[in-house]
Amino acid sequence: MQPKTEEFLNLLLWSADMLARPTFRNLTDSYESWAYRNGLMRQVATLQEQQLLERDASTATDRLYRLTAQGRLHVLGGRDPEERWARRWDGQWRLVLFDVPTGQNAQRERLRRYLRDKGFGYLQNSVWITPDPLEEERHILGGGKINVESLLLLEARPCAGESDADIVAGAWDFERINRRYERHLKVLEERPRGVPRNDATAKALLRWATMEREGWLDAVTNDPLLPGRILPSDYLGQRAWRRRVEVLRDAGRQLHTFKLS
């Protein structure tokens, strides 16, 4: 997706008073009109085709657009943090153990990339772990020949006194994750204040919006978003999310006061 389209979706998310059902209304006035003239809304038809954006057909005189559930998820980085933190955990760890021959380096790297992108932590390069059921992985591997010497999926509990906190600390680098959230929190506090009254101040707010989105995605896409029950006590992700909601609501109110003279 093109950067300007991403910017438009992000703008749509935080131009509403609430993040739950964001909409764009009255596209002839205010900040939305300015954004339209600056090219941020040329992708509306494409976004509708991709089912990321929908129009309320019941309002013939009011151009009302809203993000679909799929569109909202896309803007958030592909996962809803609150849903991920709130999910239940049955106390079982799932492990993926593999021993791919050195002659199949490309296959081994694809497997590692897949596990990393899915939020698995690694205890060793060939031992990966997650608190979530391996339904998708079982489906992917179900049609292939089983070779336990090359790949093995396990459900397990520690039996030598290891705590869940120990496992989390060993499998994921939360110091690095927190540093990303710290950078994002800093960007949030750099939001331009006051009512945007001209082209220059509007563009400054838009530049900040781009920086904010990049900072958020850098943090959240590298975060496994573990169930709240096993999150480290010093984890910054939930604090950053709460602050983000507050700041974007304030930014949304800024947009609604914008008039280009």
Pick from segment 195-215, criterion touching a residue at least 60 places away in the same chain (Cβ under 8 Å) and closer than 10 Å to Ala251 by Cα, ranking: surrounded by the most Cβ atoms within 10 Å (Cβ to Cβ) = Ala209
Filter result for Val220 (hydrophobic (A, V, I, L, M, F, W, C) and surrounded by fewer than 17 Cβ atoms within 10 Å (Cβ to Cβ)) | no
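Residue-by-condition table, conditions (1) in contact with a Leu (Cβ under 9 Å, 6 or more places away or on another chain); (2) part of a loop (DSSP other than H, G, I, E, B):
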residue: Ile167; (1), (2): yes, no
residue: Leu185; (1), (2): yes, no
residue: Val195; (1), (2): no, yes
residue: Thr201; (1), (2): no, no
residue: Glu212; (1), (2): yes, no
residue: Asn222; (1), (2): no, yes
residue: Arg229; (1), (2): no, no
Pairs, first assigned by TED's automatic domain parsing to the domain that holds Asn222 and at pLDDT 75 or above in segment 237-261, second assigned to a helix (DSSP H, G or I) and acidic (Asp, Glu), C-beta under 9 Å, six or more apart | Gln238/Glu82; Ala240/Glu182; Trp241/Glu82; Arg244/Glu212; Val247/Glu212; Leu248/Glu212; Ala251/Glu212
Of Arg180, Arg197, Arg176, which residue is at pLDDT below 80 and within 30 Å of Arg242 (Cα to Cα)?
-> Arg197
Qualifying residues in segment 66-86 (those that are in a loop (DSSP other than H, G, I, E, B) and either at pLDDT 95 or above or not β-branched (Val, Ile, Thr) (or both)) - the one surrounded by the most Cβ atoms within 10 Å (Cβ to Cβ) = Leu76
So, in segment 162-188, of the ones that are surrounded by fewer than 16 Cβ atoms within 10 Å (Cβ to Cβ) and touching a residue at least 40 places away in the same chain (Cβ under 8 Å), which residue ends up farthest from Leu95 (Cα to Cα)?
-> Glu182
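The values are calculated or read from the model by the stated rules, or taken from the named source; none is laboratory data. This one's a predicted model, so the numbers in the text were calculated from it and none came from an experiment. Note that we place each Cβ from the backbone using ideal geometry, even for glycine, and neighbour counts take in every protein chain shown.
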